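What follows is a set of notes on a single structure, which appears directly below.
Computed from the coordinates by the stated procedures, all read-outs in this text should not be read as laboratory data. Here the structure is a predicted model, which means the values were calculated and not measured. Please note: Cβ atoms are built from the backbone with ideal geometry, for glycine as well, and neighbour counts cover all protein chains shown.
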Amino acid sequence: MLKDIPQLKVVDVAVAIIPEKNELEQEVWNAYIVNLKDELIEGVLVTSRGYGEIKGENVKTSTLRHFLDEVEPNSFKLIEPIITDVLELSNEYWVSFYHHSKIFDRKYLFVPGSIKEELFTQIPLINKSGVMIK
């Protein structure tokens, strides 16, 4: 029965979106997974998609899947670069991983208007400014 399935809460794992400069000194946006735990997380699978409205038209991006294998304790890994055009959409990251042989998953949703400089904070471990959901 559904009540017999444990509801495991994800703690100390975050998704951050950060503006950075690429090798050509152009601004790019990158999404990262941040492991704030003192322990390794394994089998990390991230599904990302964007959806919403741009100029009165419904827009959906492709669903992308990223397998990151492991994220070391107190570290971070790049999930994907983000095209500037989709920042005004809802950007959803569904993260699943194993920790202590148990599977955890959580949806991180950056709603339209949430990825802007006025909402930036210092991202732990990465030491850059951006938006983070923990």
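Values as computed for the structure displayed
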| item | result |
| --- | --- |
| Binned Cα-Cα distances of segment 18-77, short to long, each 10 Å bin given as a whole percent | 18, 31, 36, 13, 2 |
| Gain on full stretching of the segment that runs from LEU125 to PHE67 - 0.36 nm per residue minus C-alpha separation | 18.8 nm |
| Euclidean distance of C-alpha centroids, segment 99-115 and segment 76-98, integer Å | 10 |
| Loop-located chymotrypsin sites (Phe, Trp or Tyr not before Pro) in segment 56-134 whose Cβ has at most 12 other Cβ within 10 Å (DSSP) | none |
| Phi to ³J(HN,Hα) by Karplus 6.51 cos²θ - 1.76 cosθ + 1.60 over segment 19-32, Hz, x for Gly, Pro | x, 9, 9, 8, 5, 9, 6, 8, 6, 10, 10, 10, 9, 10 |
| Of every Cα-Cα pair in segment 40-118, the percent that sits beyond 15 Å | 61 |
| Relative frequency of Cα-Cα separations exceeding 15 Å in segment 84-127, percent | 62 |
| Under Karplus coefficients 6.51, -1.76 and 1.60, residue-wise ³J(HN,Hα) of segment 77-94 in Hz, glycine/proline x | 9, 5, 8, 6, x, 10, 6, 3, 4, 8, 5, 7, 8, 6, 10, 10, 10, 9 |
| Per residue convex hull volume, Cα atoms of segment 2-133, in Å³ | 132 |
| Relative contact order of segment 2-133, defined on C-alpha pairs under 8 angstrom at six or more residues apart (%) | 26 |
| Most mobile of SER101, SER90, SER114 in a GNM of the chain (Cα contacts under 10 Å) | SER101 |
| GluC sites (Glu not before Pro) lying in DSSP loop within segment 1-77, provided at most 13 other Cβ fall within 10 Å | GLU23, GLU25, GLU39 |
| Spin-label proximity, LEU40 to segment 61-86 - amide N less than 12 Å from point 7 Å beyond Cα toward beta carbon | 69-73 |
